[in-house]
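Here the structure is laid out as structure tokens; the discussion comes afterwards.
The values are calculated or read from the model by the stated rules, or taken from the named source; none is laboratory data. Just so it is clear, the structure is predicted and the values come from calculations on it, not from any experiment. With ideal geometry, Cβ positions are generated from the backbone for all residues, glycine too; neighbour counts draw on all protein chains shown. Surface areas here come from the heavy atoms of the whole protein model, side chains and all, with no ligands, DNA or RNA. Shrake-Rupley method; radii C 1.70, N 1.55, O 1.52, S 1.80 Å.
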Amino acid sequence: MRKNIVAGNWKMNKTLEEGIALAKEINELLKGAELKCDVVIGTPFIHLASVAGVVDAKKIGISAQNCADKESGAYTGEVSAAMVKSTGASYVILGHSERRAYYGETAEILKTKVELALKNELRPIFCIGEVLEERENNIFFEVVKSQIVESLFGLSADDFSKIVLAYEPVWAIGTGKTATPAQAQEMHAFIRKTIAEKYGNEIADNTTILYGGSANPGNAKELFSNPDVDGGLIGGASLKAADFKAIIDSF
Ligand code: 13P
């Protein structure tokens, strides 16, 4: 059966020193805890190796928030999937709406990034989600379906089964305006059906689909209690160890 995961996305927050301190604090809170989900922390690139060195790898997986769409070479400022892997990270967040909106990441670029991540044995946490206007115009199912089809449906069934999906309605990110549990469940069920139509029920049933967008200790339990919501991708609330732990404890 599919795994439940609570993943933090620190975005562009915390100096190296602060990030190590936060990772240590989370690690400390999880010591001796009986976890009902996998825990992942998604840090800036420069934190990855240090954070991997201070957390219990059996309890906490490490994720990058991006990787390059090229293997190696003269691409100043870029970080490859192989480099991410070499830090001790095992996941990479790809397709976040902030990267799509502010850094021009297209479905085609993301397809390449996903392939390179998989080639380097990183599990992509692939983000999808509609903007407010698309929700209001009632085209949110089509939008999310095309994001999945265009970047992921070229994968073999074996490769697709390594993907974690994160439904993050853009209007809910950092706004304090969470999707209702019913809205999240409706979309997650649609995503699972879309996967089943392409790869069959077994792979669809085994795919972890996270919800992201203003999830916090107060709403996580209700969101996670939906049958097709398998955890969360947490932004702001992952920057406070106690809040992140409370979300983990919502399972
Ligand atoms: P917030 O939890 O801050 O809304 O961010 C969600 C998100 O974008 C996680 O990737």
**Report entry** region 181-251: equivalent-ellipsoid semi-axes (sqrt of 5 x gyration tensor eigenvalues, Cα, Å)
**Finding:** 25, 11, 9
Requested in this report: With a 1.4 Å probe and every protein chain left in place, work out the accessible area per residue of the chain in Å², rounded to a whole number.
Outcome: 45 Å²
Query raised in the report: Where the Cα atoms of the chain are projected onto their three principal axes, how long is each span, largest first, in whole Å?
Result: 46, 44, 34
**Report entry** Percentage relative contact order, region 97-251, counting C-alpha pairs under 8 Å, at least six apart
**Finding:** 20 percent
Requested in this report: Please name which of ILE41, ASN4, ASN27 has its Cα lying farthest along the dipole of region 1-46 towards the positive end, using unit charges on Cβ (Lys, Arg +1; Asp, Glu -1) and the Cα centre as origin.
Outcome: ASN4
Report summary line: Ignoring ligands and nucleic acids, SER86 exposes an accessible area, probe 1.4 Å, in Å² to the nearest 10, of 100 Å²
Report task. Quick one: order TRP10, TRP171 from most to least accessible surface, probe 1.4 Å. Result -> TRP171, TRP10
Requested in this report: For the chain, with all protein chains present and a 1.4 Å probe, just round the carbon and sulfur fraction of the accessible area to a whole percent.
Outcome: 52 percent
Query - Environment charge of LEU155, counting only residues whose C-beta is closer than 14 Å and scoring Lys/Arg +1, Asp/Glu -1 - result: +2
**Report entry** Length-normalised contact order for region 205-246 - Cα pairs under 8 Å, 6+ apart - percent
**Finding:** 45 percent
Report task. Please give the length that would be gained between ASN137 and LEU29 if that part of the chain were fully extended, namely 0.36 nm times their separation in residues minus their C-alpha to C-alpha distance (nm, one decimal). Result -> 34.5 nm
Requested in this report: Largest first and to the nearest Å, give the Cα extent of region 128-251 along each principal axis.
Outcome: 39, 32, 22
Query - Nitroxide proxy distance, nm - points 7 Å out along Cα→Cβ at THR76 and PHE190 - result: 4.4 nm
Query raised in the report: Excluding ligands and nucleic acids, what accessible area in Å² is computed for THR208 using a 1.4 Å probe, to the nearest 10?
Result: 10 Å²
Requested in this report: Mind putting a number on the dipole of the chain about its Cα centre? Charges go on the C-beta only, +1 for Lys and Arg and -1 for Asp and Glu, and I need it in Debye to the nearest 20.
Outcome: 480 debye
**Report entry** Mean separation of Cα contacts under 8 Å, 6 or more apart, over the residue count of region 25-79: relative contact order %
**Finding:** 37 percent
Query - Proximal charge balance of ILE62 [Cβ under 13 Å; K/R count +1, D/E count -1] - result: +2
Query raised in the report: Taking the Cα centre of region 144-251 as the origin, how large is its charge dipole in debye, to the nearest 20, when only Lys and Arg (+1) and Asp and Glu (-1) carry charge on their Cβ atoms?
Result: 280 debye
